[in-house]
Protein chains: 2
Amino acid sequence: MSSVEDLFDKLNADLAPGQEKRLNFDDIELKGGNLPGEPVDFSHGDVDAFEPVPGALENFNYGFKEIGGTQAYTVYRGREDILEDVAAKLADYSSTSIDAENELIITPGTQGALFLAVGATITRGDKVAIIEPDYYANRKLVHFFQGELYPVQLDYLSHEDKAGIDLDGLEASFKEGVSTFIFSNPNNPSGVLYSREEITKIGELVREYDVNVIVDELYSRQLFDNKTYTHLASLDIVPKENIVTIIGPSKTESLSGFRLGVAYGSKAIIDRMEQLQAIVSLRASGYSQIVLKNWFSEPDGWMAERIKAHQDIRDILLTLFRDAGFEVRTTEAGSYIFPKITDLSIDCDNFVKVLKKQAKVTVTPGTQFGPQFTDCIRLNFSQDKEKAVDAVKRIIKVAGYYKNGK
Amino acid sequence: MSSVEDLFDKLNADLAPGQEKRLNFDDIELKGGNLPGEPVDFSHGDVDAFEPVPGALENFNYGFKEIGGTQAYTVYRGREDILEDVAAKLADYSSTSIDAENELIITPGTQGALFLAVGATITRGDKVAIIEPDYYANRKLVHFFQGELYPVQLDYLSHEDKAGIDLDGLEASFKEGVSTFIFSNPNNPSGVLYSREEITKIGELVREYDVNVIVDELYSRQLFDNKTYTHLASLDIVPKENIVTIIGPSKTESLSGFRLGVAYGSKAIIDRMEQLQAIVSLRASGYSQIVLKNWFSEPDGWMAERIKAHQDIRDILLTLFRDAGFEVRTTEAGSYIFPKITDLSIDCDNFVKVLKKQAKVTVTPGTQFGPQFTDCIRLNFSQDKEKAVDAVKRIIKVAGYYKNGK
């Protein structure tokens, strides 16, 4: 096996969200029957149930028809007037300052921003701290760039007033020479928020050990129960050259189909991200870029209504899982729940496969978020409420088929 | 300097096409005056002068409104029905077979396809043959993935019936252990076509030495003077597992603003490309993907008319450069010309800067295509004819200001 094949063995995307259509089921012995019901894909939000921000398509059409060539071909980091608009809105949102010309880049999706940020900060042999559980791509990106992983545990089930990061473990990794720390807030997949005290302590450690930090705030606008959010960039603790914040309109705003994300922060890192974008994909779709003008400019009440609807679905699904005896932490922000489906006779990767086959329900296995999460599944509950409720009932029923001892 | 900064030093994109807006002119002593005239950006085609394929925007709108969620979120390699449509059209175009499920991936632009193909075939220390001159990203990608460059010369100025590849040099590089060969046909920047004999010999060498080959056919539809084109994939010489072909609708079809490209060929490489796409950008914009249905389905006569209009502009610009004493090979396919602007007192990087400042003309310096091309500039002549003619006259005038001895 060549070394490039060896490298890709660590990236296996077969069970990554969105890829389930390409699964192979041949090796599992099925128990129980098939369950009727509408297919539900919890691997991502349903933008038919929660539609894109109003005006997005109209603005795309405006960019194509009225602006034309200069909208199709922008500087790699994005069209200047759009950078200015986004910089002003994000600076206001995250209580920081952003120089539109030097400290901001538009990317093809928030995934694109994350890839460029990691590629612009680490190279072979660099030590990188990540959280477990956390977004599956964080770990895969470190593998791809041949960095060395330093996992830090998140005890997300034991607390109500904080995320539960092992700060001693984080500091220990920094002492061992970690040069970059990557984490999502709210945490993906558990939906918990880091407390102000946790974020402050992270900032102090990052400063003390001169570590670069990449914070993924993709779902930070969708806060439940009037929770407050602490932007790491808003604290004056971390030197600006050490931090990159990533965010985009793909989740709560349902604009994923346009592939738009942004990163802001360190001028030096953003510069390298643009150089990398020049050989990765040139730029985010020119016509799509203008759709960012609709972001953080939603109609009055639109965001509050969207959050309320999601909180309602969250509450019902949490109750269903808890009534069935499955432990799950209450989502504080974003659209993910991460229940523990314990006492099964099959592992979660195979449970995900039988769910798809027997219940037409797609979920993401916990192992995507850390190798030890073999009894968890992640659901994105940004779905049609009735269908989601029925699908979760089917999940619980299928779990019964595969209960230990059955 | 950290090793990641060191790595990025080799990627410098300041003079890359499209980035000229971010240039710094402070260090050049200007000669002659400023020239009036409309700004022309020869670094890429003007999609206002040559508009996108009819129906593209309408199809995008259809995807958003009528298909919705399943169009926004596709499998990473692209939506199944679109893969099938594109596979059938490309198989017909390039006289080969393409299995839509396993041998094709849709990417964010042809740049995205190239990045994924290189990332899926080479890793640190691998030996990679490239052509000089050739598309600037080929060399940069090899640097980024920390491969070792084996440049092979293209004597593009000395022939009329072939591209002029140094086949002995190519074989010598294969003997030294090159594992991947990357080239564009038609050659970017010179616009020359590889002859059937050259492509056949390349195929034989690739097979003999078991090398992977990535061939970029982005501009292959725009053939002038009734030239014939030889698709490497159409020959039975190269084992299918060794070849990836890259193409997309960004150039002749003017659909760059949608960021669409494709790669087809080796199942194993396409599989790895999809795994890489999962962490790079997830997928090409879902709504954009449907625009591929307009590709290779242009209205009758549309392509012939477009080619005729480009050939007309090509002929006028070639005459202007030749009358001014500058050597340039006749473009056989695509929209690039690559004249040698000899006998200047400044190097071509600075000539590009003064052109921008004094003549409002943007061109790409030859050094982007190989370090030795210090007296060449590349122009994309897919422009408004009158403006392009006037701009080339200004280029010639500014060249006069900086003539040696002046």
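The values are calculated or read from the model by the stated rules, or taken from the named source; none is laboratory data. Remember, predicted model here, so these are calculated numbers, not experimental data. Note that each Cβ is placed from the backbone with ideal geometry, even for glycine, and that neighbours are counted across all protein chains shown. The area values use the complete protein model at the heavy-atom level, side chains included, leaving out ligands, DNA and RNA. Shrake-Rupley method; radii C 1.70, N 1.55, O 1.52, S 1.80 Å.
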In terms of Cα to Cα distance under 20 Å, which lysines are near enough to residue B:240, apart from those fewer than 8 places away along the same chain? B:89, B:201, B:267
Can you give me the pair-distance distribution of chain A, C-alpha pairs, 10 Å bins, whole percents? 5, 22, 32, 27, 12, 2, 0
How crowded by other chains is A:61-73, given as the mean number of beta carbons from other chains within 10 Å of each beta carbon? 5
If the elastic network links every pair of Cα atoms under 10 Å, which of B:282, B:318, B:30 fluctuates the most in the Gaussian network model of chain B? B:30
What accessible area per residue, rounded to a whole number of Å², is obtained for chain B using a probe radius of 1.4 Å? 35
Springs between alpha-carbon atoms under 10 Å, Gaussian network over chain A: tell me which of A:27, A:349, A:375 tops the mean-square fluctuations. A:27
Scalar couplings 3J(HN,Hα) for region A:82-98 by Karplus 6.51 cos²θ - 1.76 cosθ + 1.60 (θ = phi - 60°), nearest whole Hz, x for Gly and Pro, are 6, 4, 5, 4, 5, 4, 5, 5, 6, 4, 5, 5, 9, 6, 9, 10, 9
Among B:178-186, A:219-227, the order from most to least packed when residues are scored by Cβ within 10 Å on average: B:178-186, A:219-227
Please list 3J(HN,Hα) in residue order for region A:199-216, calculated via the Karplus relation 6.51 cos²θ - 1.76 cosθ + 1.60 where θ = phi - 60°; whole Hz, with x for glycine and proline. 5, 4, 5, 4, x, 5, 5, 4, 5, 4, 9, 6, 9, 7, 10, 10, 10, 9
How big a patch of accessible area, both sides summed and in Å² to the nearest 100, lies buried between A and B at a 1.4 Å probe? 6200
Compute the label-point distances linking residue A:316 to its equivalents in the other copies; points lie 7 Å from Cα along Cα→Cβ; give nm, one decimal, shortest first. 6.5
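Of the accessible area of the protein assembly as shown, with the probe set at 1.4 angstrom, what percent is carbon plus sulfur? Don't skip to the answer; put the middle values down first.
Working: 12470 of 28150 Å².
Ligands and nucleic acids excluded, carbon and sulfur reach 44 percent.
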For region B:56-294, give me the percentage of DSSP beta bridges that are antiparallel, rounded to the nearest 5 percent. 35
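State the antiparallel share, in %, of DSSP beta bridges confined to the protein assembly as shown, rounding to the nearest 5.
Taking every DSSP beta bridge with both residues in the protein assembly as shown, the antiparallel ones total about 45 percent.
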Return the aspartates and glutamates within reach of residue A:360: Cα separation strictly under 14 angstrom, same-chain partners fewer than 8 residues apart disregarded; answer none if there are no such residues. A:20, A:38, A:41, A:390
For region B:289-295, take each phi angle, set θ = phi - 60°, evaluate the Karplus expression 6.51 cos²θ - 1.76 cosθ + 1.60, and give the result in whole Hz per residue in order, putting x for glycine and proline. 3, 5, 5, 4, 5, 7, 7
So, in nm and shortest first, the distances from residue A:301 to its counterparts in the other copies, with label points 7 Å along Cα→Cβ, work out as 5.5
Hydrodynamic radius by Kirkwood for the protein assembly as shown, inverse mean 1/r across distinct Cα pairs, in Å, is 27.5
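Given B:140/B:340; A:31/A:393; A:251/B:293; A:65/A:251; A:140/A:227, which pairs have Cα atoms separated by over 19 Å?
Details: B:140/B:340 23 Å; A:31/A:393 17 Å; A:251/B:293 27 Å; A:65/A:251 27 Å; A:140/A:227 31 Å.
Going by Cα-Cα distance, B:140/B:340; A:251/B:293; A:65/A:251; A:140/A:227 fall outside the 19 Å limit.
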Counting only DSSP beta bridges with both residues in chain B, tell me the antiparallel percent, nearest 5. 45
The alpha-carbon center of region B:32-56 and that of region A:31-103 are separated, in whole Å, by 28
